Amino acid sequence: MKEKELPYLPERLLPFFADRARDLPWRVNRTPYAVLVSEIMLQQTRVDTVINYFNRFMTELPEVRDLAEAPEEKLLHLWEGLGYYRRVRNLQAAAKMIMSDFGGKFPADETELRKLPGVGDYTAGAIASIAFGLPAPAVDGNVLRVLSRITCSSWDSDSAAAALRKQYPAERCSDFTESLMELGATVCVPNGAPHCGTCPVKDLCAASAGGWQFWPKKPDKKPRKREDLSVFLLRFHDRIACRKRPDTGLLAGLWELPNLPAPAQPDPRWGNVIETRKGKHIFTHVEWHMTVYTIEAAAEFPEFVWTVPGELPLPTAFRKFLG
Ligand code: ADE
């Protein structure tokens with residue numbers, strides 16, 4: 001994509017950020033570890049939801065070494081309900097690499113940071129700028145939306161990063177990255193009308209006179225694949241039957257309630273069906289339509305792991321039926 005003109009933003013965004021930044025826990029102590037954990041959590045999850053998860057994570061695993069050494073079940077518990085579990089596996093792999101290849105210290109260098117599992121251009125830029133104060137842009141969907149509205153034109157990540165890199169103000173790199181995020185999150189919002197009346201770059205913005213709805217251009221979306229499942233909630237006294245999912249594919253390696261493609265029926269040897277419910281869970285590319293059979297199990301059948309609800313981390317797709 002051809003390099004485009006972008007109005008100079010720091011002199012507007014830095015005062016805006018100083019005045020109107022939200023108090024967020026990862027802004028208190030901007031260590032590279034805190035930035036890594038928060039940015040990975042924020043990749044697919046809303047700020048309101050992330051706050052509690054982040055605080056709990058940092059209390060339980062305060063240093064990168066603690067994360068590198070944490071048992072998998074503890075990690076899955078800390079992540080339970082956040083979804084996209086690959087993120088936490090990568091996060092631990094990154095922590096292990098910091099310990100083994102970088103002597104326990106994050107490298108203050110975008111290229112080196114990008115070698116960490118799960119760390120792409122965006123996260124490397126966020127750590128380099130927010131934690132190390134380097135002039136490294138962190139371009140995500142929020143930043144692309146802001147730039148595309150300001151200029152009424154399309155930007156890809158590389159062209160946006162190139163244009164922003166030239167604007168990074170020495171000594172204020174950390175705040176400049178966060179000010180762009182803040183503008184996208186609180187003013188130039190993703191859903192519904194942007195709050196142009198309170199925008200610090202209104203007079204520089206091509207879309208402020210109208211037309212924000214058209215930017216950024218939306219790519220054609222493929223419809224989600226529908227899968228119909230029969231899910232079996234086997235209860236034996238206060239325990240339920242769980243099992244591990246395969247190591248590849250959706251929710252790889254996580255716990256699940258026993259299930260089969262619909263319209264499979266419960267095995268009559270398991271016991272009586274006491275309730276049948278319908279449920280739905282939406283993933284990014286797949287949606288599950290579930291028929292959930294609650295069964296009063298006749299015994300603790302050995303093909304399953306029997307557990308008190310809450311003991312094992314269970315993805316939300318299943319956990320919501322435990323009630
Ligand atoms: N969204 C993504 N990263 C963020 C951050 N560091 N602060 C607020 N919102 C964000």
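Listed by first and then second residue, the pairs with beta-carbon distance under 8 Å, at least 6 apart or on different chains, first residue in the range 205-220 and over 16 Å from Pro190 (Cα atoms), second assigned to a loop (DSSP other than H, G, I, E, B) and open to solvent by 40 Å² or more (accessible area, probe 1.4 Å), are Ala206/Cys152. Among the residues of the range 106-123, is there at least one that is in contact with a Pro (Cβ under 7 Å, 6 or more places away or on another chain), within 25 Å of Phe57 (Cβ to Cβ) and not in a loop (DSSP other than H, G, I, E, B)? Yes, the range 106-123 contains at least one residue that is in contact with a Pro (Cβ under 7 Å, 6 or more places away or on another chain), within 25 Å of Phe57 (Cβ to Cβ) and not in a loop (DSSP other than H, G, I, E, B). The criterion of at least 2 residues that are more than 30 Å from the chain's Cα centre (by Cα) and at pLDDT 95 or above is met, among strands (runs of 3 or more DSSP E) falling completely within the range 189-289, by 225-236, 271-282. Looking only at residues of the range 6-46 that are in a helix (DSSP H, G or I) and open to solvent by 60 Å² or more (accessible area, probe 1.4 Å), we find that the one that is nearest to the ligand (Cβ to nearest atom) is Arg20. Taking the criterion of being within 14 Å of the ligand (Cβ to nearest atom), touching a residue at least 40 places away in the same chain (Cβ under 8 Å) and out of contact with any helix residue (DSSP H, G or I) (no Cβ under 6 Å at 6 or more places or on another chain), would at least one residue in the range 47-62 satisfy it? Yes, that holds for at least one residue. When every residue of the range 70-90 is checked against the conditions, at least one turns out to be assigned by TED's automatic domain parsing to the domain that holds Val187, outside any loop (DSSP other than H, G, I, E, B) and within 16 Å of the ligand (Cβ to nearest atom).
Across the range 68-95, which residue is modelled with the lowest pLDDT among those that are open to solvent by 60 Å² or more (accessible area, probe 1.4 Å) and within 16 Å of the chain's Cα centre (by Cα)?
Among them, the one singled out is Tyr84.
On the stretch given as the range 96-141, residues that are open to solvent by 20 Å² or more (accessible area, probe 1.4 Å), hydroxyl-bearing (Ser, Thr, Tyr) and within 30 Å of Pro216 (Cβ to Cβ) total 2. Candidates Ser157, Ser174, Ser153, Ser179: the one that is out of contact with any Cys (no Cβ under 6 Å at 6 or more places or on another chain) and open to solvent by 40 Å² or more (accessible area, probe 1.4 Å) is Ser157.
The values are calculated or read from the model by the stated rules, or taken from the named source; none is laboratory data. Remember, it's a predicted structure, so these values are computed and weren't measured experimentally. Reconstructed Cβ throughout: ideal geometry from the backbone, glycine too, with neighbour counts over all protein chains shown. The area values use the complete protein model at the heavy-atom level, side chains included, leaving out ligands, DNA and RNA. Shrake-Rupley method; radii C 1.70, N 1.55, O 1.52, S 1.80 Å.
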